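First comes the structure, then the notes that go with it.
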Amino acid sequence: MTTLFDPLRFGEISVANRIVMAPLTRDRAGPNQVPTPLMATYYEQRASAGLIVSEGTQVSPDGQGYLDTPGIYSAEQVAGWRRVTDAVHAAGGKMVAQLWHVGRISHVSLLPLGQVPVSSTARAAKTKTFTKAGFEAVSEPRALRLDEIAGVVAKFRHAARCAIDAGFDGVEVHGANGYLFEQFLRDSVNDRTDAYGGSFENRSRLLLEVIQAITSEIGHGRTGLRLSPVTPANDAAQDSNAQALFEYAVEQLAPMRMAFLHVVEGSTGGPRDIAPFDYAALRSRFKQGNEHGAWMVNNGYTRQMALNVVASGQADLVAFGKSFIGNPDLVRRLREDAPLAPLNQKLLYGGGAEGYTDYPALETAAA
Ligand SMILES: Cc1cc2nc3c(=O)[nH]c(=O)nc-3n(C[C@H](O)[C@H](O)[C@H](O)COP(=O)(O)O)c2cc1C
């Protein structure tokens, strides 16, 4: 029987166990959105995860939506990430970069001078972001023009190339949590009347073009995607037919034979049962013709839930978010059924080592 602690190979990625560190924004990048040596220490401490998914990392300056998040488009950023991936690899871990464009979840103060956030729509989200001034309402976006869409695809392609140059084992496209791709996918947000709005086909087009571009740039075996079909995160109201929409998109993606699909079940960081959704049906679409693609699940998994979901074959990998913050040695604690340390909510976003690299591993905690 397969367990949570068994190795797995999917695409070009081989992992020592099925435990994944979920992407976690911590807002600690340095000037020019460059990853710092402290970030290398933080990830190195957590390298016993089978796989680390980096914090959301913007593919371009206009993809940034929060203060001090890292980028993956300049040579300086690639060099910064190289320190991180070298540290993780030296500690025996694997790491993919989460490629992020926030779309309308941004604020003008975070964007190049004179720019406003871009999206599928010109309607603002009713949510806040984190800027120099603290939490502020997001700015009013403008709808991307048809002739700008190829440029968005090119930014993702370039960022994927930068990720490989920086030593990452692959990439995870951030298609979740109300950011750019969900702003195109969901009919609750997308009000376009061109080739990128309306039908499932049109609303999925940007995502499919980006995955196509990335798989041709770095190989399908290094490409993954995160989706969250029913999350209300970032003012993305439910699609009028989420089940059919996401099944359509995943069915179209299946022939691209991605290494993995990462699904947030329910409301990100909240109730798993916020809206009905048949994840097993989505999984069977993904596995059609791509039986080696890994199915990664997330959201509110306890040790027992994770043991069960892997043992029963319903998932190949389980991603843990919050518990990796307070427990750098989470894999060992899960293996030994040791108690989990809590995290400090006040130190999640921004700051330095405190509440970041100072959570002790078991032996230090016991000493
Ligand atoms: C501090 C924090 C930052 C997060 N940043 C990201 C992110 O950058 N990208 C992303 O896809 N999800 C992000 N999430 C969501 C987590 O990856 C995960 O889906 C969520 O915490 C639920 O998993 P858990 O119950 O294991 O914590 C973040 C969550 C937290 C708590």
Enter the Cα centre distance for the pair region 220-253 and region 345-362, rounded to the nearest angstrom. 32
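Could you tell me the relative contact order of the chain? Use alpha-carbon pairs under 8 Å, at least six residues apart, and round to a whole percent.
Values: 846 pairs, mean separation 62.4, N = 367.
Contact order relative to length: 17 percent.
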Lys/Arg Cβ at +1, Asp/Glu Cβ at -1, dipole of the chain taken about the Cα centre: which of S48, L113, A150 is farthest positive-ward? S48
Would you mind checking which residues have amide H under 5 Å from A122's amide H? H placed 1.01 Å from N; only 5 or more apart, or other chain. A143
How high is the relative contact order of region 189-280, given as a whole-number percent (alpha carbon pairs under 8 Å, six or more residues apart)? 31
Going fewest to most other Cβ atoms within 10 Å around each Cβ, K322, K155 line up as K322, K155
Neighbour net charge for E76 - beta-carbon separation under 12 angstrom, K R +1, D E -1: +2
Inter-part distance where region 163-218 and region 315-342 are each reduced to a Cα centre, Å: 30
Residue exposure sequence - L146, L207 - by fewest surrounding Cβ within 10 Å: L146, L207
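Treat the count of other C-beta atoms within 10 Å as a stand-in for reagent exposure and order M258, M39 from fewest to most.
Values: M258 27, M39 24.
Lowest count first: M39, M258.
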Using a simple spin-label model with points 7 Å from Cα along the Cα→Cβ vector, what separation in nm is obtained for R145 and R272? 4.8
Within region 261-367, which GluC sites (Glu not before Pro) sit in a loop by DSSP and count at most 11 neighbouring Cβ atoms inside 10 Å? E291, E354
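By how many nm would the segment from A353 to Q304 lengthen if fully extended, with 0.36 nm per residue of separation less the alpha-carbon distance? Intermediate results must be reported in sequence, preceding the final value.
On the way: separation 49, 0.36 × 49 = 17.64 nm, distance 3.11 nm.
Extra length available between A353 and Q304 comes to 14.5 nm.
Out of the DSSP beta bridges found with both residues in the chain, what percent are antiparallel (nearest 5)?
Of the beta bridges lying entirely in the chain, close to 20 percent run antiparallel.
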Net charge around G355, counting only other residues with Cβ within less than 10 Å of its Cβ (Lys, Arg = +1; Asp, Glu = -1)? 0
How much length is gained on full extension from L208 to K132, taking 0.36 nm per residue of separation minus their Cα-Cα distance? 23.9 nm
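Bear in mind these aren't lab numbers, they're just calculated from the coordinates by the rules spelled out. Since the model is a prediction, treat every value here as computed from it, not as a measurement. Neighbour counts are summed over all protein chains in view; Cβ atoms, including those assigned to glycine, are modelled from backbone coordinates with ideal geometry.
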